[in-house]
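Please read the structure below before turning to the comments.
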Amino acid sequence: MSKSFTKYFTRYFINSLNKQSLNNQSLNNLKNSLMICFGSVGISLHCSYALFTCKNKIIKVDKKYKFVRNGFTEFMIIDQNGKHYNVNNSFWFWKWDSNEDWHKIQNTEIKIKYYGWRIPLFGVFPNIIMSEQPM
């Protein structure tokens, strides 16, 4: 889901709550409860997505590239079959060195651990969380 859609929906939803005839205290309690509920559901869904779609695979790297999206640099690789992977940090797997991993990856066969699916509508790619040269 895009950030602009989420921002618009949240703003529209909160503005509609403001128009109702609730007193300020109960309106604030309702807003806080909804924010906690939506935040918890969002975090739980992302955690489930990251942990339950995790796979291991051996790929042959064909190309590496990077691009800027929304002010952030995305480090990408393409395998021999044309599948794109994003090499990025992951809170769920406690990985914070994706930039170094991307630079170490050569155009050879590597063993990767990744999670996620390719969802073109939302610009989502599988995320590599570990790479190593196979023995």
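The values are calculated or read from the model by the stated rules, or taken from the named source; none is laboratory data. If you're wondering where the values come from, they're calculated on a predicted model, not measured in any experiment. Positions of Cβ are generated from backbone atoms using ideal geometry, with glycine treated the same way; all protein chains shown enter the neighbour counts.
Among what's in the range 78-90 and is part of a loop (DSSP other than H, G, I, E, B) and out of contact with any Pro (no Cβ under 8 Å at 6 or more places or on another chain), pick the residue that is surrounded by the most Cβ atoms within 10 Å (Cβ to Cβ). Steps first, please.
Of all residues in the range 78-90, those part of a loop (DSSP other than H, G, I, E, B) come to 80-83, 88-89.
Subsequent filtering for residues that are out of contact with any Pro (no Cβ under 8 Å at 6 or more places or on another chain) retains 80-82, 88-89.
Details: Gln80: 12, Asn81: 8, Gly82: 8, Asn88: 19, Asn89: 14.
Selected residue: Asn88.
Consider Ile110 carefully, then state whether it is of a type in the set (Val, Ile, Thr), outside any loop (DSSP other than H, G, I, E, B), touching a Phe, Trp or Tyr at 6+ places or on another chain (Cβ under 9 Å) and buried (at least 19 other Cβ atoms within 10 Å of the Cβ). Write out each step before concluding.
On the way: of a type in the set (Val, Ile, Thr): yes; outside any loop (DSSP other than H, G, I, E, B): yes; touching a Phe, Trp or Tyr at 6+ places or on another chain (Cβ under 9 Å): no; buried (at least 19 other Cβ atoms within 10 Å of the Cβ): yes.
No; evaluated as a whole, the condition is false for this residue.
Mind listing whichever residues of the range 113-135 are touching a strand residue (DSSP E or B) at 6+ places or on another chain (Cβ under 7 Å), at pLDDT below 85 and either crowded, with 19+ Cβ neighbours inside 10 Å or part of a loop (DSSP other than H, G, I, E, B) (or both)? Scanning the range 113-135 gives Ser131, Gln133, Pro134. Just for the range 19-77: of the residues that are of a type in the set (Ser, Thr, Tyr) and over 19 Å from the mean Cα position of the chain (by Cα), which one is surrounded by the fewest Cβ atoms within 10 Å (Cβ to Cβ)? In this case the residue turns out to be Ser21.
Only a single item in (1) among the polar types (S, T, N, Q); (2) over 16 Å from Met130 (Cα atoms); (3) assigned to a helix (DSSP H, G or I) is not met by Asn99, and it is number (2). The set of residues from the range 116-128 being within 10 Å of the chain's Cα centre (by Cα) and farther than 18 Å from Asn70 by Cα comprises Gly116, Pro126. Picking from Phe93, Phe75, which residue would you name as being out of contact with any Pro (no Cβ under 8 Å at 6 or more places or on another chain), closer than 24 Å to Ser48 by Cα, assigned by TED's automatic domain parsing to the domain that holds Ile59 and assigned to a loop (DSSP other than H, G, I, E, B)? That would be Phe93, the only listed residue that is out of contact with any Pro (no Cβ under 8 Å at 6 or more places or on another chain), closer than 24 Å to Ser48 by Cα, assigned by TED's automatic domain parsing to the domain that holds Ile59 and assigned to a loop (DSSP other than H, G, I, E, B).
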